[in-house]
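To keep things clear, I will list the structure first and then write my remarks on it.
The values are calculated or read from the model by the stated rules, or taken from the named source; none is laboratory data. Keep in mind that what you see is a predicted model, and the values were worked out from it rather than measured. In this analysis, Cβ positions are derived from the backbone assuming ideal geometry, glycine residues included, and neighbour counts consider all displayed protein chains. Note: areas computed on protein heavy atoms with side chains; ligands, DNA, RNA excluded. Shrake-Rupley method; radii C 1.70, N 1.55, O 1.52, S 1.80 Å.
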Amino acid sequence: MRLPILMIAALLLPLAACEKAAEPAKPAVVEAPAAAVAIADEHSYAEPGKVAVKHLALDLAVDFDKKSLSGTATLDLAWKDTTSTTLVLDSRDLTITKIEAGDGTTWADAPYELAAADALFGSKLSINLAQQAAKVRITYSTSPDASGLQWLTPAMTLGKKTPFMFSQSQQIHARSWVPLQDTTQVRFTYDAHLTTPKNVMALMSADNDPKAARDGDYSFSMPQPIPSYLLAIAAGDLAFQAITDRAGVWAEPAMTAKAAAEFADTGKMIDTTEKLYGPYRWDRYDILVLPPSFPYGGMENPRLTFVTPTVIVGDQSLVSLIAHELAHSWSGNLVTFSTSRDAWLNEGFTSYVENRIIESLYGKERADMENVIERNELKAEFTDENKDLQPLAVKPGVLKDPDDNLSGTVYTKGAWFLQFLEQRIGRAEFDGFLKAYFEHFAFQSISTVQFAEYAKTNLLDKYPGKVTQAEFDAWLYQPGIPDTAPQTASARFDAVDQARTHWLAGHMAPADIDSAKWTTQEWVHFIEGLPETLTEAQIKQLDAVWKFTGTPNGEIAQRWYPLTIRSGYLAARPAISDFLARIGRRKLVMPTYKALAATPDGLAFAREVFAKARPGLHPITIGSVEAALADKPATATP
Ligand SMILES: [Zn+2]
């Protein structure tokens, strides 16, 4: 349905030319290998084949009253095309007041052109230089509506006293707070100087110092080259609590102890992953717990994972999120995908590694349960309408907005593919392959084709007779789930299935089900296996014993509330209203909004609740909810 428009957009795009220290003793800068990138990034105006940014120096003031960052971004340039003198950058909603070119000591004004804004890609910024300059310095400020930043009033925080701000740059939102080459094909090191109000602590995806004095003046250095989507900033009333000597938690003071307890296994997770795939290359690994409005579960900002507080449920049952974000330190942050069409190289590998960490720390039963839940979701996500988004390697032009990747494809099908390869090749051999892969492509951005070539030599040909090229290619280029997909059984889920069947048949009361040791995964599986609708009596029976309505667990809530809505159970509405006002994590709230939007009465209720929740929500979540509550479903709208 979206295909024709996407193809047009893809064709038009190239034609739019008119328009702080954990270990301060280690300042060594990691050199990014010169990657031979031939594939264009459809989602960036940058021309990294002509010139590439090697280093970024930021000097920014954080202004909570104006909801703006302002100051300078200085870009160090490496020219590749000897004839080119134009630097093309990505930007969105930036107010640019001055651009200079120079060598770092002498500067001269440089003329530039800021093209009209494209709704998805922002404004192409072309800087016309008299000659190939070593550096370009841009003086600018961000818009209060910058798509990559969220500004929270004190009332929207836990402590209620201090404002809070944070970034979410993935996939193409870094351009809304820094003018740069916003593509995964360019890696750069960075340093930054930030000023904030004195009572505010600032952090970045860099060398945060756990002992930094809170004085409103902060300096950061990131010596490992990163792609732009890993550029991150946060500022607020933040305190630190150590987990191990190289890992810790940053959060609002009332949350640090709780978070450190929930994430107590982080040190073990790092050790486990290092044993499997080689050294952790980013020095410290800290976790920043954000307010509940964070639109995602987590974001793998290097050295400082950003996480939603919704996984802090008291029993460590949702810490696979930390395993996931940590795994990105190898898959994604170290070996990066070269276009959004190759996103599965990022999320699929990461979901695979995440599952291995969970298996190693918490056992195969838990890893299997998580696999089954994710694969069931994948099967539900695949429909005849989205077949073009189901191959791991999406065709050029299909993906209009890089945020529109089908998560089931890139995460779960990607991981399932690697689980298939592991099963056929053998675990020890496949572990060796992955370890070598992370080493071989470290600090590079690669495409699916490069992965496939590497795997042909180092996997298919090296272990003949295990996997055919046709079997391998089917995962990459065909929609759906290949017949070769290994199946996973879970004895604990079998017990849940049995309990549910007995209850539905009227043979067993909820109180008689032996659920004392059930974890989040089992509750989720129980609810997911229920019929499309229940009677009011059935819902009341379950609520009387297990109190699903009003649950503080977002994984349960995101599945239970849509069921009550489909069943016409209006008594759940006050709890739904509270849930939607409290939580901004897109994955958790969208199923409930979508279920409400299915009936006129539900839609009216949803709009009312959304109007109240909106001021506390992130722009990314607001966009998704608005689309779901529009007159037509988002997928049917061009
Ligand atoms: Zn991820």
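What the table below lists for this structure:
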{"item": "Residue within the range 253-271 that is within 16 Å of the ligand (Cβ to nearest atom) and open to solvent by less than 20 Å² (accessible area, probe 1.4 Å) present", "result": "yes"}
{"item": "Residue, surrounded by the fewest Cβ atoms within 10 Å (Cβ to Cβ), within the range 369-416, restricted to residues that are part of a loop (DSSP other than H, G, I, E, B) and within 16 Å of the ligand (Cβ to nearest atom)", "result": "LEU406"}
{"item": "Condition met for LEU321 (under 21 Å from SER205 (Cβ atoms) and surrounded by fewer than 21 Cβ atoms within 10 Å (Cβ to Cβ))", "result": "yes"}
{"item": "Qualifying positions in the range 343-357 - open to solvent by 10 Å² or more (accessible area, probe 1.4 Å) and more than 10 Å from the ligand (Cβ to nearest atom)", "result": "ASN355, ARG356"}
{"item": "So GLU453, is it among the charged types (D, E, K, R) and farther than 29 Å from LEU406 by Cα", "result": "no"}
{"item": "Some residue of the range 237-244 being open to solvent by 10 Å² or more (accessible area, probe 1.4 Å), within 16 Å of the ligand (Cβ to nearest atom) and part of a strand (DSSP E or B)", "result": "no"}
{"item": "Complete set of residues in the range 278-296 that are open to solvent by 20 Å² or more (accessible area, probe 1.4 Å) and modelled with pLDDT under 95", "result": "PRO292, TYR296"}
{"item": "Residue in the range 435-450 that is within 16 Å of the ligand (Cβ to nearest atom), in contact with a Leu (Cβ under 9 Å, 6 or more places away or on another chain) and not aliphatic (A, V, I, L, M) present", "result": "yes"}
{"item": "Restricting the range 318-377 to residues that are out of contact with any Lys or Arg (no Cβ under 9 Å at 6 or more places or on another chain) and hydroxyl-bearing (Ser, Thr, Tyr), the residue that is farthest from PRO396 (Cα to Cα)", "result": "TYR362"}
{"item": "Residues located in the range 359-418, provided they are among the basic types (Lys, Arg) and more than 21 Å from HIS43 (Cα to Cα)", "result": "LYS364, ARG366, ARG375, LYS379, LYS387, LYS413"}
{"item": "Selected residue [farther than 26 Å from HIS193 by Cα, open to solvent by 20 Å² or more (accessible area, probe 1.4 Å) and under 28 Å from the mean Cα position of the chain (by Cα)] from ASP76, ASP145, ASP41", "result": "ASP41"}
{"item": "Matching entry among SER360, SER338, SER293, SER320 (being under 22 Å from THR551 (Cα atoms), away from the ligand (no atom under 14 Å from the Cβ) and hydroxyl-bearing (Ser, Thr, Tyr))", "result": "SER293"}
{"item": "The range 274-290, subset under 21 Å from GLU370 (Cβ atoms) and more than 18 Å from the chain's Cα centre (by Cα), residue nearest to the ligand (Cβ to nearest atom)", "result": "TYR277"}
